[in-house]
Amino acid sequence: MNVGANFVKVNVQIIQGLEAGTVIRDVPTPITIGREDENLVQLNDERIRRFPAKIQSQGSQLILTDLQSTNGTRVNGHFT
């Protein structure tokens with residue numbers, strides 16, 4: 001995680017699905033994740049909702065918010 005004056009950049013690693021193994025580097029927060037083109041991290045997988053999750057920074061912490069996805073959101077294999 002790189003912390004700047006007014007932003008945080010993170011690396012996002014995809015661990016399952018069609019894009020498993022992909023690492024997206026230096027993504028600025030806030031980050032939305034999902035199928036739609038408007039997401040900073042777009043996943044090409046029909047099992048993923050259009051806007052299932054958001055990552056934002058608060059000081060030196062990252063906060064992952066599940067945006068009412070059907071199957072929940074996981075971090076390191078654990079549900080948030």
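The values are calculated or read from the model by the stated rules, or taken from the named source; none is laboratory data. As the structure is a prediction and not an experimental result, all values here were calculated from the model. Glycine also receives a Cβ, built like all others from the backbone with ideal geometry; neighbour counts cover every protein chain displayed. Just so you know, the surface numbers come from the protein's heavy atoms only, side chains and all, with ligands and any DNA or RNA stripped out. Shrake-Rupley method; radii C 1.70, N 1.55, O 1.52, S 1.80 Å.
DSSP loop trypsin sites (Lys or Arg not before Pro) in the range 1-79 with at most 14 other Cβ atoms within 10 Å of their Cβ, which ones?
R47, R50
I'd like to check one number: the per residue accessible area of the chain, probe 1.4 Å, reported in Å² as a whole number.
Here the per-residue accessible area is 73 Å².
Subtract the Cα-Cα distance of L62 and F7 from 0.36 nm times their separation in residues, and report this length gain in nm to one decimal.
Full extension of this stretch gives 18.7 nm more.
For the range 27-68, just the Cα atoms, rotate onto the principal axes and tell me the three extents in Å, largest first.
34, 20, 11
What's the whole-number percent of alpha carbon pairs in the chain lying beyond 21 angstrom?
23 percent
If I compute solvent accessible area with a 1.4 Å probe over the protein chains, what percent of it on the chain is carbon and sulfur? Working shown, then result.
On the way: 2650 of 5820 Å².
Of all accessible area on the chain, carbon and sulfur atoms account for 46 percent.
Take the Cα of F51, step 7 Å along the line toward its Cβ, and report every residue of the range 12-36 whose backbone nitrogen sits under 13 Å from that point.
Counting only backbone N, you get 31-36.
What size of dipole, in debye to the nearest 20, comes out for the range 2-80 about its Cα centre when the only charges are +1 on Lys and Arg C-beta atoms and -1 on Asp and Glu C-beta atoms?
Dipole of the range 2-80, to the nearest 20 debye: 180 debye.
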